[in-house]
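The values are calculated or read from the model by the stated rules, or taken from the named source; none is laboratory data. Worth saying up front: this structure is predicted, and the values here are computed from it rather than measured. Here the Cβ positions follow ideal geometry from the backbone for every residue, glycine too, while neighbour counts run over all protein chains shown.
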Amino acid sequence: MKNVGTIGEERILASLHPHPLAFAGQALLWVYVLIVSIVMYFMGNQVSTSFRNIPVIGGLLGAYGEYVVYALAIVIPTLVYALVKVVWRYFLLTLLITIGVPLVLAFVVKLPLRYTFIVGAVAGILGMFAVEMHRRAHKYIVTDRRIIFEYRGLFKKIRRDLVYSRVSDIILEKGVLGKLFNFGNLIPVSQPGLGLGSDMSFITLGGGAGKDVHAGLAVTGGRSVKVPRSRSFYILYGVPHPERIYDMIIEAIKASEEAPYLKKILDKMDQGSSLNIK
């Protein structure tokens, strides 16, 4: 198979996009925003009333209880997602929806705050569409000489070429959905270490004494572990049939390692033949 962008006799072995469920976590986040927005639009008063009956918490809601509940219901899950995935753009977007939009409605355009829920629902629909466009913007090309990673987004274009001579390891991983629907990540680790990230764990203890006695104690410990991790446009992210692609790449790496030795043998044979002719 030959394609634009290949060099010489280079052959394309596979051309891939992430599986439709590869970005399911991001899509579900926007589905959640859509559902919460619809529920609050039609049942906001009932929901806020239920929260007002909760001791301590209910007294903190104030006059704009339903909007406070709405903001917390969206911001807290997206904050957890941001901390786990180390991706902050969704958290910032939800802050804009739940805090920025009501402020604009109240002080700029002078519209009822209930329009916040409509904006949230529209954002949820657009978010799901954006996730699908994000998925389609990824393209991975496996050739007999290298792996090409391409990302052609609306605001960003990225390309990475990784020749097999630079690959020190390749790691296959599957999540729960990946096991059910046969897709997963293939992480090629290059010799400089690209493809590896760090998991860090810290423990901090602190202490102090009353007003008259000023004393304190703090103990901090940490641990960092190298793990296979990278952005989706630098690895084969969520590709279908990952075991087959893994075997394909391993075979291509072996062939690329054998090629220089075969060339040397052929060169020596050619030299011997020319000497015999003389």
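Odds and ends about this structure:
- Val84 vs. criteria out of contact with any Lys or Arg (no Cβ under 6 Å at 6 or more places or on another chain), free of Cβ contacts under 8 Å to residues at least 60 places away in the same chain and in a helix (DSSP H, G or I): yes
- The range 116-142, subset over 17 Å from Gly238 (Cβ atoms) and among the β-branched types (Val, Ile, Thr), residue nearest to the chain's Cα centre (by Cα): Ile125
- Any hit, the range 36-57, residues being buried (at least 18 other Cβ atoms within 10 Å of the Cβ), modelled with pLDDT of 95 or more and of a type in the set (A, V, I, L, M): yes
One line per residue, one yes/no per condition, for (1) at pLDDT 90 or above; (2) under 16 Å from Lys254 (Cα atoms):
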{"position": "Tyr140", "(1), (2)": "yes, no"}
{"position": "Thr143", "(1), (2)": "yes, yes"}
{"position": "Leu154", "(1), (2)": "no, no"}
{"position": "Lys157", "(1), (2)": "yes, no"}
{"position": "Arg160", "(1), (2)": "yes, no"}
{"position": "Val163", "(1), (2)": "yes, yes"}
{"position": "Ile170", "(1), (2)": "yes, yes"}
{"position": "Lys174", "(1), (2)": "yes, no"}
{"position": "Phe181", "(1), (2)": "yes, no"}
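- For Leu154: the one exception among (1) closer than 25 Å to Leu29 by Cα; (2) touching a Pro at 6+ places or on another chain (Cβ under 7 Å); (3) surrounded by fewer than 18 Cβ atoms within 10 Å (Cβ to Cβ): (2)
- Of all the numbered requirements in (1) closer than 30 Å to Arg166 by Cβ; (2) not assigned by TED's automatic domain parsing to the domain that holds Leu236, Arg152 misses one, and that requirement is (2).
- Any chance Tyr70 is closer than 13 Å to Arg114 by Cα, at pLDDT 85 or above, out of contact with any His (no Cβ under 6 Å at 6 or more places or on another chain) and outside any loop (DSSP other than H, G, I, E, B): yes
- Ser15 vs. criteria touching a residue at least 60 places away in the same chain (Cβ under 8 Å), of a type in the set (Ser, Thr, Tyr) and surrounded by 15 or more Cβ atoms within 10 Å (Cβ to Cβ): no
- Elements of type strands (runs of 3 or more DSSP E) contained in the range 87-188, each with 2 or more residues being among the aromatic types (Phe, Trp, Tyr) and closer than 30 Å to Ile12 by Cα: 146-152
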